[in-house]
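*Asks:* Pasting a structure here, questions to come.
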Amino acid sequence: MVINMNLILSDKSIDLEIDKNTTKYIDLSSMKILNCTGCFGCWTKTPGRCVIRDDAVKVYPYIAKSERVIYISRIIYGGYDTVMKTMLERAIPIQQAFIRLHDGETHHVQRSVSEKDALIIAYGESDKEEHDIFRQLISRNAKNMNFRKYRVVFISENELENVVRKELEQWGK
């Protein structure tokens, strides 16, 4: 079980030095993560556990328990790149089938999900319209992902490792 952990979830391999006692780095591009089939087995057959047995089942417990997260994804048409989008969709077992009112909107009840401080890094070629769409997506996701607070940054791919390293330095303070 993961307790008081930081999580770096990336759609590409990044060369980082991390404190493995406090931070989990997951390179999604090196994992086998299948698409959600929408069967809702994680709510009905095996509550809290996806019925698809692939690498995603190793990831979503970290998403649930981490208190600080960095999500790193190429921005594509104002959204996450495929591997990140697939993983976040497969994290549905951390929610329950039940609905709650949150800020006047309906959202799923969380299943032991820690509140998070999140940094979402969107890298790659993109324009203002894509940035606006992505910010809206993150704003909506933040309520279902239990973000206490979050920041979104847009950078070029060659800035990625330096931006992540600077954030990790802040975590160490």
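All of the numbers you see were taken from the coordinates with simple rules; none came from a lab. Computed from a prediction, not measured in an experiment: that's the story for all the values here. A quick note on method: Cβ atoms are made from the backbone with ideal geometry, for glycine too, and the neighbour counts reach across all protein chains shown.
*Asks:* Got a sec to turn the phi values of region 130-138 into Karplus ³J(HN,Hα) couplings, 6.51 cos²θ - 1.76 cosθ + 1.60 with θ = phi - 60°, whole Hz, x for Gly and Pro?
*Replies:* Whole-Hz 3J(HN,Hα) from phi for region 130-138: 5, 4, 4, 4, 5, 4, 5, 4, 5.
*Asks:* Pick out, in residue order, every one of the chymotrypsin sites (Phe, Trp or Tyr not before Pro) in region 52-138 that is DSSP loop and has at most 11 other C-beta atoms within 10 Å; say none if there are none. Spell out each step's value before the answer.
*Replies:* Details: sites: 62, 71, 77, 80, 98, 123, 134; in loops: 77.
Of the chymotrypsin sites (Phe, Trp or Tyr not before Pro), the ones in loops of region 52-138 whose Cβ has at most 11 other Cβ atoms within 10 Å are 77.
*Asks:* Here's a follow-up. What is the magnitude of the charge dipole of the chain about its Cα centre, with +1 placed on the Cβ of each Lys and Arg, -1 on the Cβ of each Asp and Glu, and no other charges, expressed in debye to the nearest 20? It would help to have the intermediate numbers written out before the result.
*Replies:* On the way: 26 positive and 24 negative charges, 187 e Å.
With only Lys, Arg, Asp and Glu charged at Cβ, the dipole is about 900 debye.
*Asks:* If you don't mind, another one. In a Debye calculation with equal point scatterers on the alpha-carbon sites of region 1-81 and no solvent, what is log10 I(q)/I(0) at q = 0.15, 0.20 Å⁻¹?
*Replies:* -0.63, -1.03
*Asks:* Which value at 222 nm does the chain reach when only helices count, each DSSP H run of 4 or more adding -39,500 (n - 2.57), with the total divided by all residues and rounded to the nearest 500 deg cm²/dmol?
*Replies:* Working: 5 runs with 52 residues, N = 173.
One gets -9000 deg cm²/dmol as the mean residue ellipticity at 222 nm.
*Asks:* Given the C-alpha atoms of the chain, compute the convex hull and give its volume per residue in Å³.
*Replies:* Working: hull volume 20.3 nm³, N = 173.
Convex hull of Cα atoms, per residue: 117 Å³.
*Asks:* Same structure, new question: Could you work out how far the C-alpha centroid of region 3-41 sits from that of region 71-135, in angstrom?
*Replies:* What the calculation gives is 14 Å, centre to centre.
*Asks:* Right, here's the next one. For residue 50, enumerate residues with amide H under 5 Å from its amide H, sequence gap 5+ or separate chain, H modeled in the peptide plane.
*Replies:* For residue 50, whose amide H was placed from the backbone, there are no distant partners under 5 Å.
*Asks:* I've got another one for you. In terms of Cα to Cα distance under 13 Å, which aspartates and glutamates are near enough to residue 58, apart from those fewer than 8 places away along the same chain?
*Replies:* Within the straight-line limit of under 13 Å, residue 58 reaches these aspartates and glutamates: 27.
*Asks:* Restricting the count to DSSP beta bridges whose residues both fall in the chain, what percent are antiparallel, rounded to a multiple of 5?
*Replies:* The antiparallel proportion sits near 20 percent.
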